[in-house]
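What follows is one structure encoded as structure tokens, with my remarks underneath.
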Amino acid sequence: MANETVFKRLDCNPIVTAANVPRANSIHNSAVVRWNGAYAGVFRVDEIDMCYRLHTGFSRDGLDWEIDPEPLRMTSSDPAVYVSDHSYDPRLVLLEGTHYLTWCNSAPQGPQIGLARTDDFRTFVQMENPFQPPNRNAVLFPRTINGAYAMLHRPSDRGHTPFGDVFYSSSPDLIHWGKHRHVFGPYPGWQGTKVGPGPSPLETPEGWLLIYHGVWGSCNGFLYYAGGALLDLEEPWKVICRTRDYLLAPTMPYERVGDVPNVVFPSAMVHYPETGRVRVYYGCADTCVSAAEADLDELIAFIKQHRIQ
Ligand code: BMA
């Protein structure tokens with residue numbers, strides 16, 4: 001297959017399409033976790049009014065999904081914290097026994113990060129928005145670091161954002177965020193326009209493994225790729241190494257053709273310690289969801305070997 005490096009695409013791709021939800025125009029950039037011996041997910045569903053909403057889904061094997069036809073509802077005691085009709089690009093992480101959801105919760109003042117927690121994927125309790133807009137990409141780390149909760153995110157603009165760097169922020173209580181640190185920015189080539197965090201980082205002995213998206217601004221618009229980085233375990237704003245070569249590029253027909261062509265957007269990663277493999281879920285051309293798998297040791301070796309010097 002053209003351009004495959006360590007990640008092998010699944011033969012059954014795409015695994016989720018608009019056919020999974022009656023009112024869907026497209027389903028892409030979505031979050032998946034292993035849950036209760038099976039899988040749970042929060043899916044970005046662009047509906048036939050072209051508003052973006054989040055829907056929960058459940059699966060036995062992570063491939064065959066039943067997605068709720070109705071958008072998920074948040075509960076919140078504060079009317080100032082609301083869910084918009086432009087809710088998209090969810091990410092999930094298990095932190096201290098609870099699943100946390102981050103997503104882009106658009107406000108009239110621009111895209112902003114939403115934060116909610118759930119114990120059963122039925123009830124989601126919305127929390128304070130971590131940052132003021134505009135910011136549309138955020139992932140929580142799966143544990144506290146030096147006693148503080150930690151998040152990677154990408155401040156943006158109100159439009160399609162022709163720039164973007166990854167920042168690290170920490171919080172004592174998941175409400176107040178600060179100590180902002182720059183992590184990394186664009187680099188000439190496929191990640192030359194902007195970069196943003198993908199799935200929540202995975203802790204490995206070699207550092208936090210971050211799969212991220214990089215965007216190339218071509219003469220005909222943006223193309224989205226997946227890259228990888230290793231971040232220092234105790235000071236994650238310090239990059240140990242980061243790929244010069246991409247891990248995944250839009251080359252398959254379902255990645256090339258869709259509402260937004262030429263997009264590979266990694267948004268979830270499941271680790272299988274029993275086999276030493278990881279599976280990445282990614283949005284394809286803003287139209288469907290696919291998955292690709294790699295051996296974790298080979299993936300880390302690739303990132304170290306094909307690093308930016
Ligand atoms: C994300 C979202 C999408 C966009 C995409 C590419 O950041 O903003 O709406 O099209 O990038 O999948």
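The values are calculated or read from the model by the stated rules, or taken from the named source; none is laboratory data. No experiment lies behind these values; they were computed from the predicted model shown. Note: ideal-geometry Cβ built from the backbone for every residue, glycine included; neighbour counts use all protein chains shown.
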Check: Any idea which of ALA301, ALA229 is surrounded by fewer than 16 Cβ atoms within 10 Å (Cβ to Cβ) and more than 16 Å from ARG91 (Cβ to Cβ)?
Finding: ALA301
Next item on the list: Answer with yes or no whether ARG122 is within 16 Å of the ligand (Cβ to nearest atom), more than 19 Å from ALA226 (Cα to Cα) and part of a loop (DSSP other than H, G, I, E, B).
Entry: no
Check: Out of all the residues in segment 137-147, is one or more of a type in the set (Gly, Ala, Ser), modelled with pLDDT of 95 or more and within 15 Å of the chain's Cα centre (by Cα)?
Finding: yes
Item checked: Which listed residue, of HIS86, HIS28, is within 16 Å of the ligand (Cβ to nearest atom), surrounded by fewer than 17 Cβ atoms within 10 Å (Cβ to Cβ) and not hydroxyl-bearing (Ser, Thr, Tyr) -> HIS86
Notebook entry, point to check: Of these, GLU274, GLU293, which one is of a type in the set (Asp, Glu), free of Cβ contacts under 8 Å to residues at least 12 places away in the same chain and farther than 15 Å from SER30 by Cβ?
Noted result: GLU274
Next item on the list: Within segment 193-203, identify whether any single residue is touching a residue at least 24 places away in the same chain (Cβ under 8 Å), in a strand (DSSP E or B), crowded, with 19+ Cβ neighbours inside 10 Å and of a type in the set (Val, Ile, Thr), and answer yes or no.
Entry: yes
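How about segment 59-112: which of its residues are β-branched (Val, Ile, Thr), closer than 20 Å to SER290 by Cα and in contact with a Pro (Cβ under 9 Å, 6 or more places away or on another chain)? Don't jump to the end; show me each part of the working.
Step one: list which residues in segment 59-112 are β-branched (Val, Ile, Thr), which gives 67, 75, 81, 83, 93, 98, 102.
Next, from what is left, pick out any that are closer than 20 Å to SER290 by Cα: 67, 93.
Hit for segment 59-112 is VAL93, nothing else.
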Note to self: Show me the strands (runs of 3 or more DSSP E) entirely contained within segment 1-84 in which 1 or more residues are in contact with a helix residue (DSSP H, G or I) (Cβ under 7 Å, 6 or more places away or on another chain).
What the structure shows: 24-35, 65-67
Checklist line | Breaking point among (1) out of contact with any Ser or Thr (no Cβ under 9 Å at 6 or more places or on another chain); (2) within 30 Å of TRP65 (Cα to Cα); (3) among the hydrophobic types (A, V, I, L, M, F, W, C), for ILE240 | finding: (2)
Check: When you go through LEU101, LEU115, LEU94, LEU54 one by one, which is the residue that is hydrophobic (A, V, I, L, M, F, W, C), under 15 Å from the mean Cα position of the chain (by Cα), at pLDDT 95 or above and surrounded by fewer than 16 Cβ atoms within 10 Å (Cβ to Cβ)?
Finding: LEU94
Next item on the list: Output the number of residues of segment 204-226 satisfying the condition of being buried (at least 16 other Cβ atoms within 10 Å of the Cβ) and within 15 Å of the ligand (Cβ to nearest atom).
Entry: 11
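Determine whether LEU230 is in contact with a Cys (Cβ under 7 Å, 6 or more places away or on another chain), part of a strand (DSSP E or B) and touching a residue at least 12 places away in the same chain (Cβ under 8 Å).
On the way: in contact with a Cys (Cβ under 7 Å, 6 or more places away or on another chain): yes; part of a strand (DSSP E or B): yes; touching a residue at least 12 places away in the same chain (Cβ under 8 Å): yes.
Yes, satisfied.
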Next item on the list: Inspect segment 165-180 for any residue being surrounded by fewer than 20 Cβ atoms within 10 Å (Cβ to Cβ), within 16 Å of the ligand (Cβ to nearest atom) and under 19 Å from the mean Cα position of the chain (by Cα) and give the result as yes or no.
Entry: yes
Check: For segment 204-218, which residues satisfy the criterion of being part of a strand (DSSP E or B) and not aliphatic (A, V, I, L, M)?
Finding: THR204, GLY207, TRP208, TYR212, HIS213, GLY214, TRP216, GLY217, SER218
Next item on the list: Name the single residue, out of those in segment 125-136 being crowded, with 20+ Cβ neighbours inside 10 Å and not in a loop (DSSP other than H, G, I, E, B), that is farthest from the ligand (Cβ to nearest atom).
Entry: GLN126
